[in-house]
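Engineer: Before we start, here is the structure in question, set down as C-alpha cells.
The values are calculated or read from the model by the stated rules, or taken from the named source; none is laboratory data. Every value quoted in this text rests on a predicted model; they were computed, and no experiment measured them. With ideal geometry, Cβ positions are generated from the backbone for all residues, glycine too; neighbour counts draw on all protein chains shown.
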Amino acid sequence: MYSPQQFEELRLPVLHDLIRSHPLGTLVILADTELVANHIPFLVNPDKGAYGTLCGHVARANPVWRQFGNTVDTLVIFQGPESYITPSWYPSKHADGKAVPTWNYAVVHAYGQPNTIEDGGWLLEHVTQLTKTHEAGQALPWEVSDAPRDFTEQMLSRIVGIEIPISKLQGKWKVSQNRKVPDRLGVAAGLESQATERSLAMAELVMKRARPAS
C-alpha cells in the first residue's frame, strides 16, 4: 500500500482498535492464477503473536479455505471511516484558489499465512465470542446457547475456522495531515456540519490530528 510517511499509522493499539470497530475484513488470496476476495467478520487477538492474530470462519461450501497454502501471504483489508473532502472547506482555497478535492480515509492491511481449523470446540468458542461481541449492544442479546444444541452442532459442521497470525500490519490514516492547521479545522467543521454518522466519524479523526503535537 502506498503510504507517505505523514499518513502512516504504526501504533498497534490504534490498528487493532480499527479492526475491532470495523471487523468486516476483505480477505484476498492468490488462488492458482487469480486473486480471490471474500468478506469475513474477524476477531483480533492482540496478545497472540507479534502483531496479533485474526480469527474468523467461512462456510464449508466456500472453496476459499481449500485454496490456502500459497507461499504468498494473504491480505485482509479493514476499511475504517472515509469521506469525500471538498476544497470549499479550506480557508486557503478562498485566499488563493489553489486547492482540489480529495478523499480522506483510515484503513488497515493485515498480512499472514492462514490456517484452517475444523475442531468443534474451537469453532464453538469462536462463534460464541463473535456473538457476544456483536450482540453486546442489543437490548436482549442473543446467545449461541439460545439455539437447540443439535441445531448448533449442525451449523458448526457447516463452517471452517480461519486463524491468521499477522506477519505484517500496515495502517494509513489520510485525514488532512498534509494541509495547514486552518484547513484541517475547516475540514473538521465542514464534516461536522453534514452531521451524518460517516462525516462525524471522519471529523473526529481529523480533529485528533488537527493541531501539531506539543
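Engineer: Taking the conditions exactly as written (in contact (Cβ under 8 Å) with a residue 60 or more places away in the chain and not acidic (Asp, Glu)), does Gly25 satisfy them or not?
Structural biologist: It is true that Gly25 is in contact (Cβ under 8 Å) with a residue 60 or more places away in the chain and not acidic (Asp, Glu).
Engineer: Tell me yes or no: at least one residue of the range 13-26 is within 16 Å of Pro114 (Cα to Cα), surrounded by 15 or more Cβ atoms within 10 Å (Cβ to Cβ) and of a type outside the set (A, V, I, L, M).
Structural biologist: Of the range 13-26, the ones within 16 Å of Pro114 (Cα to Cα) are 25-26.
The next check asks that each one be surrounded by 15 or more Cβ atoms within 10 Å (Cβ to Cβ); those that pass are 25.
Going one step further and asking which of them are of a type outside the set (A, V, I, L, M), we end up with 25.
Yes, because at least one residue in the range 13-26 is within 16 Å of Pro114 (Cα to Cα), surrounded by 15 or more Cβ atoms within 10 Å (Cβ to Cβ) and of a type outside the set (A, V, I, L, M).
Engineer: Moving on to the next point. Out of the residues in the range 95-116 meeting the condition of being assigned to a strand (DSSP E or B) and touching a helix residue (DSSP H, G or I) at 6+ places or on another chain (Cβ under 7 Å), tell me which one is nearest to Glu163 (Cα to Cα).
Structural biologist: The first filter runs over the range 95-116 and keeps only residues assigned to a strand (DSSP E or B), leaving 102-112, 115-116.
If we keep only those that are touching a helix residue (DSSP H, G or I) at 6+ places or on another chain (Cβ under 7 Å) too, we end up with 104, 106, 108, 116.
Working: Asn104: 31, Ala106: 24, Val108: 17, Thr116: 7 Å.
In this case the residue turns out to be Thr116.
Engineer: May I pose another question? So Val72 fits all but one of (1) buried (at least 20 other Cβ atoms within 10 Å of the Cβ); (2) not in a strand (DSSP E or B); what number is the exception?
Structural biologist: In the conditions (1) buried (at least 20 other Cβ atoms within 10 Å of the Cβ); (2) not in a strand (DSSP E or B), Val72 misses (1) alone.
Engineer: Go through the range 1-12 and report how many residues are over 16 Å from Gln177 (Cβ atoms) and exposed (fewer than 13 other Cβ atoms within 10 Å of the Cβ). First the steps, then the outcome.
Structural biologist: Our first condition is that a residue be over 16 Å from Gln177 (Cβ atoms); within the range 1-12, this holds for 1, 12.
Cutting the leftovers down to exposed (fewer than 13 other Cβ atoms within 10 Å of the Cβ) gives us 1.
Residues in the range 1-12 being over 16 Å from Gln177 (Cβ atoms) and exposed (fewer than 13 other Cβ atoms within 10 Å of the Cβ): 1 in total.
Engineer: Can you pull out every residue in the range 197-212 that is surrounded by fewer than 12 Cβ atoms within 10 Å (Cβ to Cβ) and either modelled with pLDDT of 95 or more or farther than 17 Å from Lys174 by Cα (or both)? Spell out the reasoning first.
Structural biologist: Pass one, the range 197-212, residues surrounded by fewer than 12 Cβ atoms within 10 Å (Cβ to Cβ): 197, 208, 211-212.
Of everything in the range 197-212, just one residue is surrounded by fewer than 12 Cβ atoms within 10 Å (Cβ to Cβ) and either modelled with pLDDT of 95 or more or farther than 17 Å from Lys174 by Cα (or both), namely Glu197.
Engineer: Could I ask something else about it? Under the condition of being of a type in the set (Lys, Arg) and assigned to a helix (DSSP H, G or I), which residue from the range 181-214 is nearest to the chain's Cα centre (by Cα)?
Structural biologist: Let us first name the residues in the range 181-214 that are of a type in the set (Lys, Arg), namely 184, 198, 208-209, 211.
Checking which are assigned to a helix (DSSP H, G or I) leaves us with 184, 198, 208.
Numbers: Arg184: 24, Arg198: 15, Lys208: 19 Å.
Ranking the qualifying residues of the range 181-214, first place goes to Arg198.
Engineer: How many residues does the range 38-50 hold that are in contact (Cβ under 8 Å) with a residue 60 or more places away in the chain and either loosely packed, with under 15 Cβ neighbours inside 10 Å or over 17 Å from the mean Cα position of the chain (by Cα) (or both)?
Structural biologist: Within the range 38-50, residues that are in contact (Cβ under 8 Å) with a residue 60 or more places away in the chain and either loosely packed, with under 15 Cβ neighbours inside 10 Å or over 17 Å from the mean Cα position of the chain (by Cα) (or both) number 4.
Engineer: Same structure, new question: Considering only residues of the range 161-180 that are assigned to a strand (DSSP E or B) and β-branched (Val, Ile, Thr), which is surrounded by the fewest Cβ atoms within 10 Å (Cβ to Cβ)?
Structural biologist: As a first pass, look at the range 161-180 and keep what is assigned to a strand (DSSP E or B): 161-165, 168-174.
Subsequent filtering for residues that are β-branched (Val, Ile, Thr) retains 162, 164.
Details: Ile162: 24, Ile164: 26.
Of everything passing the filter in the range 161-180, Ile162 is surrounded by the fewest Cβ atoms within 10 Å (Cβ to Cβ).
Engineer: Exactly one of (1) farther than 14 Å from Leu169 by Cα; (2) surrounded by 18 or more Cβ atoms within 10 Å (Cβ to Cβ); (3) not β-branched (Val, Ile, Thr) is unmet by Leu35. Its number?
Structural biologist: Checking Leu35 against (1) farther than 14 Å from Leu169 by Cα; (2) surrounded by 18 or more Cβ atoms within 10 Å (Cβ to Cβ); (3) not β-branched (Val, Ile, Thr), the one that fails is (2).
Engineer: Checking the structure you have, find out if any residue of the range 152-160 is touching a residue at least 12 places away in the same chain (Cβ under 8 Å), farther than 30 Å from Leu12 by Cβ, outside any helix (DSSP H, G or I) and not hydroxyl-bearing (Ser, Thr, Tyr). Explain how you work it out, then say what you get.
Structural biologist: We begin by selecting, within the range 152-160, every residue touching a residue at least 12 places away in the same chain (Cβ under 8 Å); these are 152-153, 156-160.
Still in the list and also farther than 30 Å from Leu12 by Cβ: 152-153, 156-158.
Those left that are additionally outside any helix (DSSP H, G or I): 157-158.
Still in the running and not hydroxyl-bearing (Ser, Thr, Tyr): 158.
Yes, because at least one residue in the range 152-160 is touching a residue at least 12 places away in the same chain (Cβ under 8 Å), farther than 30 Å from Leu12 by Cβ, outside any helix (DSSP H, G or I) and not hydroxyl-bearing (Ser, Thr, Tyr).
Engineer: Within the range 140-159, is there a residue that is over 19 Å from the mean Cα position of the chain (by Cα), closer than 27 Å to Asp73 by Cβ and surrounded by 13 or more Cβ atoms within 10 Å (Cβ to Cβ)? Walk me through how you get there before you give the answer.
Structural biologist: Pass one, the range 140-159, residues over 19 Å from the mean Cα position of the chain (by Cα): 140-159.
When the remaining residues are screened for being closer than 27 Å to Asp73 by Cβ, the result is 159.
Then drop every residue that is not surrounded by 13 or more Cβ atoms within 10 Å (Cβ to Cβ), which leaves 159.
Yes; the residues of the range 140-159 include at least one that is over 19 Å from the mean Cα position of the chain (by Cα), closer than 27 Å to Asp73 by Cβ and surrounded by 13 or more Cβ atoms within 10 Å (Cβ to Cβ).
Engineer: For the structure I just gave you, tell me whether Thr133 is among the hydroxyl-bearing types (Ser, Thr, Tyr), surrounded by 13 or more Cβ atoms within 10 Å (Cβ to Cβ), assigned to a helix (DSSP H, G or I) and touching a strand residue (DSSP E or B) at 6+ places or on another chain (Cβ under 9 Å). It would help to see each step written out before you state the result.
Structural biologist: Values: among the hydroxyl-bearing types (Ser, Thr, Tyr): yes; surrounded by 13 or more Cβ atoms within 10 Å (Cβ to Cβ): yes; assigned to a helix (DSSP H, G or I): yes; touching a strand residue (DSSP E or B) at 6+ places or on another chain (Cβ under 9 Å): yes.
For Thr133, the condition - among the hydroxyl-bearing types (Ser, Thr, Tyr), surrounded by 13 or more Cβ atoms within 10 Å (Cβ to Cβ), assigned to a helix (DSSP H, G or I) and touching a strand residue (DSSP E or B) at 6+ places or on another chain (Cβ under 9 Å) - is met.
Engineer: Any idea which of Ser88, Ser92 is surrounded by 15 or more Cβ atoms within 10 Å (Cβ to Cβ), out of contact with any His (no Cβ under 7 Å at 6 or more places or on another chain), touching a residue at least 40 places away in the same chain (Cβ under 8 Å) and not in a strand (DSSP E or B)? Don't jump to the end; show me each part of the working.
Structural biologist: Numbers: Ser88 fails: surrounded by 15 or more Cβ atoms within 10 Å (Cβ to Cβ).
Selected residue: Ser92, the only one of Ser88, Ser92 that is surrounded by 15 or more Cβ atoms within 10 Å (Cβ to Cβ), out of contact with any His (no Cβ under 7 Å at 6 or more places or on another chain), touching a residue at least 40 places away in the same chain (Cβ under 8 Å) and not in a strand (DSSP E or B).
Engineer: Also, I was wondering about something else. Report yes if Leu35 is part of a strand (DSSP E or B), of a type outside the set (S, T, N, Q) and in contact with a His (Cβ under 8 Å, 6 or more places away or on another chain), otherwise no. Step through it out loud before you land on a result.
Structural biologist: Working: part of a strand (DSSP E or B): yes; of a type outside the set (S, T, N, Q): yes; in contact with a His (Cβ under 8 Å, 6 or more places away or on another chain): no.
Against the criterion (part of a strand (DSSP E or B), of a type outside the set (S, T, N, Q) and in contact with a His (Cβ under 8 Å, 6 or more places away or on another chain)), Leu35 does not qualify.
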